[in-house]
1. Residues in segment 182-201: is at least one within 21 Å of S75 (Cα to Cα) and either of a type in the set (S, T, N, Q) or within 23 Å of the chain's Cα centre (by Cα) (or both)?
2. Scan V24, V32 and give me the residue that is surrounded by fewer than 19 Cβ atoms within 10 Å (Cβ to Cβ), farther than 21 Å from T106 by Cβ and modelled with pLDDT of 90 or more.
3. State which residue is surrounded by the most Cβ atoms within 10 Å (Cβ to Cβ) when the search covers only segment 82-124 and only residues that are within 30 Å of K263 (Cα to Cα) and of a type in the set (F, W, Y).
4. Residue under question is S203, and the condition is that it be open to solvent by 50 Å² or more (accessible area, probe 1.4 Å) and either touching a strand residue (DSSP E or B) at 6+ places or on another chain (Cβ under 9 Å) or at pLDDT below 85 (or both); does it hold?
5. Select the helices (runs of 4 or more DSSP H) contained entirely in segment 131-203, then report the ones holding at least 3 residues which are of a type in the set (S, T, Y).
6. Got a number for residues in segment 103-151 being touching a residue at least 60 places away in the same chain (Cβ under 8 Å) and among the aromatic types (F, W, Y)?
7. Of the numbered conditions (1) open to solvent by less than 30 Å² (accessible area, probe 1.4 Å); (2) within 20 Å of the chain's Cα centre (by Cα); (3) at pLDDT 75 or above, I213 satisfies every one except a single condition; which is it?
8. Filter segment 190-200 for residues that are aliphatic (A, V, I, L, M) and either touching a Phe, Trp or Tyr at 6+ places or on another chain (Cβ under 7 Å) or buried (at least 19 other Cβ atoms within 10 Å of the Cβ) (or both) and give the result.
Amino acid sequence: MNLTQVDSNATITLNYWNTFVKAVGRNVTIVVLGITINYINATMIHTFNKYHIFRLNPRYILFIHLVFNDIIQLSTSISLFIFSYAFHTIHVSLCLLLILPAIFTTQNTPLNIAFMAAECCVSVCIPLRYSYICTVKRTYIVIGIIWAISSLSILPDLFILLAVESSQFLQSRVVCNRDTVFRSSYSVKKRDASHTLFLVVVSITLLYTYCRILFVARCADSDTKKARNTILIHGFQVLLCTTVYVQPPLIKLLVYFFPEGLKDINFATFIINQVLPRLGSPIIYGLRDKTFRKFLKRHLCARNILR
């Protein structure tokens with residue numbers, strides 16, 4: 001009996017140690033990826049600010065807004081991921097401070113990419129009117145519209161929360177995610193409706209711009225072909241970013257088939273839905289662009305010389 005008890009205690013200790021090591025490994029992986037991606041994005045922003053040529057081009061302004069948006073989104077999402085492991089539950093007020101920026105920036109990303117696709121379409125299809133339609137002032141107005149649309153999508157949930165929930169709930173501790181904080185049936189229905197609307201509008205925009213560019217591409221101009229490929233990349237990036245819209249039902253489906261793998265499922269979906277799209281943005285829109293890549297290399301070489 002003593003031997004059996006010792007073996008049982010050893011098994012429990014081993015399982016606890018394995019769980020601890022796996023949890024630390026997941027968090028370290030997420031943090032390392034987040035720091036790496038944010039460092040790359042910060043380098044992109046510094047390059048943009050250093051050279052005046054980029055601040056006069058609507059395309060690069062939209063790109064750098066996407067990068068800045070990704071930094072906020074990735075930082076808040078990783079913080080929520082770590083808190084969920086370290087504390088499991090946190091106060092609702094602290095959860096709101098983290099989850100609101102995460103939701104705002106998540107909503108911003110597909111809208112930003114849709115406007116980038118529209119800018120690309122204008123430059124190819126009506127190049128003579130490009131300088132009139134796409135100005136720096138209008139680009140900043142577009143960025144304001146993006147944030148306004150995202151605000152109209154999430155702020156009603158906050159008002160519903162303050163109106164419906166008791167003060168006791170606001171002072172309680174919860175598992176910090178959107179469904180547990182904004183748990184009203186109105187918020188859930190509005191979330192599903194807004195996600196569907198965002199997905200439809202962005203998809204139609206990308207499809208329309210691609211068809212317009214495809215029609216112009218009959219002239220077989222190299223720049224037109226490049227623009228057509230760019231729209232396809234926009235579509236792929238939007239597909240990655242909008243997977244977050246189907247994350248709740250996808251997790252439920254996976255948990256149904258693999259009930260003991262909830263933590264592994266959450267880790268995998270977090271990597272796919274939150275990290276990979278942010279890793280793709282600087283590579284697809286920054287390093288792929290010849291002009292930006294040239295100035296980025298110049299900036300990095302200058303730093304190496306100073307060292």
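1. no
2. Details: V24 fails: modelled with pLDDT of 90 or more.
That would be V32, the only listed residue that is surrounded by fewer than 19 Cβ atoms within 10 Å (Cβ to Cβ), farther than 21 Å from T106 by Cβ and modelled with pLDDT of 90 or more.
3. F104
4. Against the criterion (open to solvent by 50 Å² or more (accessible area, probe 1.4 Å) and either touching a strand residue (DSSP E or B) at 6+ places or on another chain (Cβ under 9 Å) or at pLDDT below 85 (or both)), S203 qualifies.
5. Where helices (runs of 4 or more DSSP H) fall fully within segment 131-203 and carry at least 3 residues being of a type in the set (S, T, Y), they are 136-164.
6. Matching residues across segment 103-151 total 1.
7. (2)
8. L199
The values are calculated or read from the model by the stated rules, or taken from the named source; none is laboratory data. Because the structure is a prediction, the values reported are computed rather than measured. Neighbour counts run over all protein chains shown; Cβ positions are idealised from the backbone, glycine included. Heads up: the accessible areas ignore ligands, DNA and RNA and are worked out on the full protein's heavy atoms, side chains in. Shrake-Rupley method; radii C 1.70, N 1.55, O 1.52, S 1.80 Å.
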